[in-house]
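Just below is one structure, and these are the notes that go with it.
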């Protein structure tokens with residue numbers, strides 16, 4: 001079956017507009033949020049202040065990064081940033097680079113090159129990053145053969161060489177997530193279905209499982225770890241249905257309802273009426289942010305979308321849980337200025353306050 005791609009596929013330096021992967025809105029140990037955005041060749045950060053306002057943007061450097069940024073956060077609350085940077089050598093060749101922020105509002109450590117799984121290579125896909133229970137970082141990227149490769153941090157510092165995870169014809173935008181056991185999982189799609197890579201031992205190379213035949217629109221994947229500790233993957237099928245798949249829960253690909261748009265999904269968990277819910281977001285057909293939620297890991301419940309905010313030409317979105325358990329949403333409507341909205345306290349259902357710029 002044909003696989004309709006939703007992913008940017010620029011073979012030189014990647015996307016011309018900002019592309020954000022992972023949780024680019026993070027919450028620190030003290031409960032305050034930070035937001036990150038690639039802009040003008042560097043990464044800039046906004047920081048939530050104790051009174052609820054925001055400061056920034058502050059430059060975290062980057063020295064010529066492209067418009068792509070992947071963000072991952074470990075249980076230690078350290079924030080890991082992975083970007084893509086032209087090497088300055090052969091035309092079109094890029095390398096992956098990594099920086100880490102240890103504390104909310106503090107400067108990030110210097111950017112360090114990770115190279116590329118193909119050595120010297122043009123852009124092959126958008127990297128994904130996850131952090132295991134011991135704080136080790138795993139950076140995944142599609143390689144030149146169309147499969148996936150990973151570079152992982154060592155226990156005593158430094159990095160392992162690139163590991164080839166095998167595969168072919170995979171989605172340029174894989175999704176990495178850490179499960180409830182602290183192991184890293186990676187999800188991607190293929191022209192014929194879904195592919196999952198799983199760690200079975202701490203620090204080990206993720207292992208590719210057998211491809212699951214499925215209809216998948218590339219570039220739409222999102223994943224979340226549920227209350228059971230198992231991961232659920234969400235994606236659109238070729239007919240525009242939102243699908244859920246959770247192999248460790250023995251949940252076969254299950255339709256949840258019709259999507260409101262065609263682009264990538266965002267997902268998080270939060271409390272709605274005191275009950276743990278999984279909340280999905282997507283840009284609607286008319287350019288607004290739409291939200292839908294259901295009690296976590298109860299896929300028999302159908303999705304009901306509600307649109308919020310104004311229409312936008314393009315819309316990146318991320319969802320996070322506040323320290324009070326409520327939903328916090330953030331969008332980058334114009335590619336440069338983040339807007340945020342919080343769940344209305346005490347309101348029935350999933351209602352957001354108005355959008356406001358953070359600067």
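Need one number: nm distance between label points at residue 87 and residue 118, each 7 Å from Cα along Cα→Cβ, rounded to one decimal.
1.1 nm
Determine, for each peptide in 169-180, 106-117, the mean count of other beta carbons within 10 angstrom over its residues, then list the peptides with the highest first. Please report the intermediate quantities before stating the final value.
On the way: 169-180: 22.2, 106-117: 16.6.
Result, highest mean Cβ count within 10 Å first: 169-180, 106-117.
Indicate the gyration tensor shape class of the stretch 155-287 (rounded, prolate or oblate), computed on the Cα atoms with a ≥ b ≥ c the square roots of the eigenvalues: a/c under 1.5 is rounded; otherwise a/b larger than b/c is prolate and the rest oblate. Let's see the in-between values first.
Details: a/c = 1.87, a/b = 1.32, b/c = 1.41.
Oblate, because a/c is 1.5 or more while a/b does not exceed b/c.
Of the DSSP beta bridges with both residues in the chain, give the percent that are antiparallel, rounding to the nearest 5.
On the way: 102 of 107 bridges.
If we restrict to bridges inside the chain, about 95 percent are antiparallel.
Students often check this: by mean Cβ neighbours within 10 Å, which of 61-67, 157-163 ranks highest, and how do the rest follow? Mind dumping the intermediate values first?
Numbers: 61-67: 18.4, 157-163: 12.9.
Packing order, densest peptide first, comes out as 61-67, 157-163.
With r defined as the distance between the Cβ atoms of residue 357 and residue 75 and R0 fixed at 25 Å, what FRET efficiency is calculated, to the nearest 0.05?
Details: r = 31 Å, r/R0 = 1.25.
After rounding, the FRET efficiency stands at 0.20.
Round to the nearest 0.05 the FRET efficiency obtained for residue 311 and residue 347 when R0 = 22 Å and r is the Cβ-Cβ distance. Please list the in-between numbers first.
Numbers: r = 24 Å, r/R0 = 1.08.
With a Förster radius of 22 Å, E is 0.40.
First obtain the Kirkwood hydrodynamic radius of the stretch 77-159 from its Cα pairs, then insert it into the Stokes-Einstein equation at 4 °C and 1.567 mPa s, and state the resulting D in µm² per second as a whole number. Don't skip to the end; give the middle numbers.
Values: Rh = 13.5 Å.
For these conditions, the coefficient is 96 µm²/s.
Where a ≥ b ≥ c are the square roots of the eigenvalues of the C-alpha gyration tensor, would you call the stretch 220-341 rounded, which needs a/c under 1.5, or, failing that, prolate if a/b is larger than b/c, or oblate? It would help to have the intermediate numbers written out before the result.
Details: a/c = 1.95, a/b = 1.30, b/c = 1.50.
Because a/c hits 1.5 or more and a/b fails to exceed b/c, the stretch 220-341 counts as oblate.
Quote the FRET efficiency, to the nearest 0.05, computed for residue 166 versus residue 228 with a Förster distance R0 of 25 Å and r equal to the Cβ-Cβ distance.
The value I calculate is 0.30.
Once the stretch 146-201 is represented by equal point scatterers at the alpha-carbon sites, with solvent omitted, what log10 I(q)/I(0) does the Debye formula produce at q = 0.18, 0.23 Å⁻¹?
The Debye formula, applied to the Cα set alone, gives -0.67, -0.99.
Between residue 102 and residue 301, what is 0.36 nm times their sequence separation minus the Cα-Cα distance? Round to one decimal in nm.
67.7 nm
Classify the stretch 282-347 as rounded, prolate or oblate, taking a ≥ b ≥ c as the square roots of the eigenvalues of its Cα gyration tensor: rounded when a/c is under 1.5, otherwise prolate if a/b is larger than b/c and oblate if not. Intermediate results must be reported in sequence, preceding the final value.
Values: a/c = 2.21, a/b = 1.35, b/c = 1.63.
Oblate, since a/c reaches 1.5 and b/c is not below a/b.
Distance between the C-alpha centers of the stretch 195-263 and the stretch 41-89? Whole Å please.
Taking the Cα centre of the stretch 41-89 as reference, the centre of the stretch 195-263 is 27 Å away.
Any read-out appearing in this document is the output of simple, stated calculations on the displayed coordinates, not a laboratory observation. What you see is a predicted model; the values in this text were computed from it and never measured. We place every Cβ from the backbone using ideal geometry, glycine too, and count neighbours over all the protein chains shown.
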